[in-house]
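Notes for the one structure printed next.
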Amino acid sequence: MLSGFKNFIMKGNVVDLAVAVVMGTAFGAVVTALVNKVLMPFVSGLVGAPNFDSFARVELNGNAIEFGVLLTALVNFLLIAAAIYFVVVMPMNIMIERRNRRLGINKDVKKDAAEDPQVALLTEIRDALKDRAI
């Protein structure tokens with residue numbers, strides 16, 4: 001019974017998942033700090049308010065409809081997405097591209113597909129059928 005549990009725990013995908021959760025949690029703290037302590041104060045300095053919660057507030061039969069809360073959530077989402085893209089995705093893509101150039105790896109999928117003889121034959125058949133239809 002315990003050996004089955006040990007085998008389950010020692011599988012690579014379980015360990016990889018555990019590492020991903022821990023790294024994701026730690027990285028989430030970095031992104032949250034970047035957005036809350038750097039980007040949002042910058043936006044607050046430009047706009048004059050720390051959030052947009054009181055913007056476009058409407059009363060309807062005694063109920064408050066707060067469009068500003070939605071706007072604040074949208075701005076936060078865009079700031080988080082931008083932070084992840086510019087701090088993680090873009091630098092990672094640049095590093096991968098440099099590595100691939102250094103190793104001589106060409107990732108041009110269209111070029112590889114065009115060189116495939118089956119694709120070339122199918123293209124010729126398609127073109128011949130087009131010419132016939134006219």
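The values are calculated or read from the model by the stated rules, or taken from the named source; none is laboratory data. In this text, all values refer to a predicted model and were calculated from it rather than measured experimentally. Note that we place each Cβ from the backbone using ideal geometry, even for glycine, and neighbour counts take in every protein chain shown. Accessible surface areas use protein heavy atoms only, side chains included; no ligands, DNA or RNA. Shrake-Rupley method; radii C 1.70, N 1.55, O 1.52, S 1.80 Å.
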Kindly indicate the residue of segment 15-35 that is in contact with a helix residue (DSSP H, G or I) (Cβ under 9 Å, 6 or more places away or on another chain) and either among the basic types (Lys, Arg) or under 20 Å from LEU78 (Cβ atoms) (or both) and also modelled with the lowest pLDDT among those meeting that condition. VAL35
Kindly evaluate SER3 against the criterion of being outside any helix (DSSP H, G or I) and open to solvent by 60 Å² or more (accessible area, probe 1.4 Å). no
Subset of segment 75-105 [within 30 Å of ASN51 (Cα to Cα) and over 16 Å from the mean Cα position of the chain (by Cα)]: VAL75
